[in-house]
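Okay, so here's the structure we're looking at.
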Amino acid sequence: MTTTDTTRTLVHVDPTSIVLDTNVRTDARLDKDFVASVRDHGVMQPVVGYRDQDGAVHVLQGQRRTLAAVEAQRETIPVYLADTPDEAGRIITQMLENDQRTGFTDAERADGYEQLSLLGLTASQIAKRTHSRKESVEQGLAARQSQTGRDYLAAGLTIEQAAVLAEFDDDEEAVASLVAAVERGTFEHTASRLRQQREAARAVAAEVDRLTAEGTTVLDQAPWDYYYDGRGAAAPLRALDVDEEQHATCPGRAVIVVATWAGEAQTEEVCTDWKANGHENRLAVAGASGPLDEDEKAERRRVIEGNKEWRAATEVRRDWLRTFAQRKSAPKDAAVTLARLLAEAPSRVYDGMNDRKGITAEVMGEGWRNNAPATSARASIYALTIALAGIEVTYADVQTWRHMASTDLDYLATLVAWGYTPCDLEQSLLDARAEQ
């Protein structure tokens with residue numbers, strides 16, 4: 001039987017004769033209840049397909065319904081015949097249809113992006129035709145180009161997470177840390193820290209290579225105690241009674257290269273044994289003596305790790321604030337929060353308004369002063385985000401976590417209440433206050 005509407009012809013076709021082209025949905029997910037429903041009631045919503053030059057019907061939309069009809073042994077199913085699509089159009093149609101149905105996974109979506117890319121579509125074209133974000137398409141393509149990314153997409157991670165794992169495809173330890181962070185809910189923080197560590201390591205390695213090529217002795221790492229009150233054998237040149245020119249011929253001359261809190265390579269000249277080489281150490285004159293004990297070394301390690309974690313968290317917090325700034329309406333307690341900040345920390349609110357370090361522009365977007373909101377709801381977000389950015393201005397120091405005031409902890413707690421996921425360090429600070 002055949003009927004016609006204004007755009008498509010409806011035909012009834014033996015489901016076993018229908019051609020199932022490669023589908024972006026890799027698993028039809030036929031459950032018993034669905035098959036039973038098709039067996040009892042038939043296919044209620046017609047499948048969409050097209051006829052090829054040989055007259056065979058191919059499925060465009062409805063692979064799952066067709067397979068269920070085959071399993072249920074239905075004699076015919078209704079099929080709307082559409083125009084024959086090109087390959088890209090067929091894939092896009094399947095993606096759009098599956099997106100509107102249950103169970104279309106990120107792995108299948110990324111696979112669809114890849115198929116379209118192989119047909120010559122750019123990320124921008126794919127995003128436009130599949131109604132996706134360009135960033136998501138780029139992340140899906142990046143994930144599909146990595147075995148690690150493909151494996152973890154198949155395991156159920158999101159496109160965004162798989163793309164990050166693909167970044168660290170050659171670092172098993174980093175991949176393990178990221179996978180563990182998915183379970184803990186700290187994925188973004190871990191990714192931020194790993195990226196910062198990687199960039200810092202590259203900067204340090206490049207500087208070490210340059211200095212080594214010049215014939216300079218570069219220590220593999222800084223002696224634990226070289227900068228502590230002159231108690232170690234090694235000491236920084238800045239603490240000794242000689243300058244660079246005088247120290248040029250010293251047998252203990254060497255340099256260390258470390259990453260600054262901003263991730264840049266920093267070089268410092270040291271003497272590996274200032275006493276043996278006859279130098280005076282101004283730090284040693286202060287009266288301290290003896291090497292660091294294990295507790296002091298442990299504390300130093302704690303501070304270094306805390307500084308790194310805080311720096312990574314700062315990047316994640318500001319990303320979160322950028323998204324927060326785009327909200328259409330403020331949280332219910334936004335007015336209370338803003339009033340408290342104005343009353344208890346007016347100088348910080350001023351910092352946000354004055355934008356001395358560019359953090360407000362980073363959060364609000366360039367030209368934020370000229371983009372005053374047109375609605376009351378957006379105005380609340382606008383004013384609140386400026387005030388919150390003022391807190392971030394004073395959070396710029398990498399050691400902020402060691403000197404948290406009540407206002408700082410209130411700020412963190414507020415962000416968490418509004419949906420921000422804290423890193424382990426931030427959570428420990430909040431937990432410590434709760435225990436007081």
Between Ala201 and Ala176, what is the label-to-label distance in nm when each label sits 7 Å out along the Cα-to-Cβ direction?
1.4
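How many Å² of accessible area per residue for the chain, probe 1.4 Å?
Averaged over the residues of the chain, the accessible area is 54 Å².
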Matching label, P(r) over Cα pairs in 20 Å bins from 0, in percent computed from the structure shown, candidates [x] 18, 37, 30, 12, 3, 0; [y] 22, 51, 26, 1; [z] 27, 55, 16, 2:
[x]
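How do the peptides 246-254, 366-374 rank, highest first, by the average count of neighbouring beta carbon atoms within 10 Å per residue?
The peptides rank, most packed first, as 246-254, 366-374.
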For the chain, the charge dipole (Cβ of Lys, Arg +1; Cβ of Asp, Glu -1; about the Cα centre) points to a positive end, and the Cα of Ala387, Ala377, Val179 closest to that extreme belongs to Ala377
Which of the peptides 63-75, 167-179 is most tightly packed, and how do the rest follow, going by the mean number of other Cβ atoms within 10 Å of each residue?
63-75, 167-179
Calc'd 3J(HN,Hα), the range 400-417, phi into Karplus 6.51 cos²θ - 1.76 cosθ + 1.60 (θ = phi - 60°), Hz, glycine/Pro = x, comes to 3, 4, 7, 9, 7, 8, 4, 4, 4, 5, 4, 4, 4, 4, 5, 4, 4, 4
With contacts defined as alpha carbon pairs under 8 Å and 6 or more residues apart, what's the relative contact order of the range 149-226 in percent?
15
Using a Gaussian network model of the chain whose springs link C-alpha atoms within less than 10 Å, name the residue from Leu157, Leu388, Leu121 with the highest mean-square fluctuation.
Leu121
Taking the 0 to 90 degree range and rounding to the nearest ten, how far is the long axis of helix 172-184 tilted relative to the main principal axis of the chain, both from C-alpha atoms?
70
For the chain, which whole percent of the accessible surface, found with a 1.4 angstrom probe, sits on carbon and sulfur atoms?
48
If I take every Cα pair under 8 Å that is 6 or more residues apart in the range 106-188, average their sequence separation and divide by the length, what percent do I get for the relative contact order?
26
About its Cα centre, the chain carries a charge dipole, from +1 on Lys and Arg Cβ atoms and -1 on Asp and Glu Cβ atoms, whose size in debye to the nearest 20 is 1760
How would you rank 397-404, 55-62, highest first, on the average number of other Cβ atoms within 10 Å across their residues?
55-62, 397-404
Relative contact order of the chain (C-alpha contacts under 8 Å, at least 6 apart) in percent is 9
What residue among Trp418, Leu153, Cys271 has its Cα farthest toward the positive end of the dipole of the chain, where the charges are +1 on Lys, Arg and -1 on Asp, Glu, each on the Cβ?
Trp418
At 1.4 Å probe size, what's the solvent-accessible area of Asp355? Round to the nearest 10 Å².
30
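The values are calculated or read from the model by the stated rules, or taken from the named source; none is laboratory data. Owing to the predicted nature of the structure, the values given are computational and were not obtained by experimental measurement. All Cβ positions, even for glycine, are placed from backbone atoms using ideal geometry, and neighbour counts span all protein chains on display. These area figures cover heavy atoms from the full protein model, side chains too; ligands, DNA and RNA do not enter into them. Shrake-Rupley method; radii C 1.70, N 1.55, O 1.52, S 1.80 Å.
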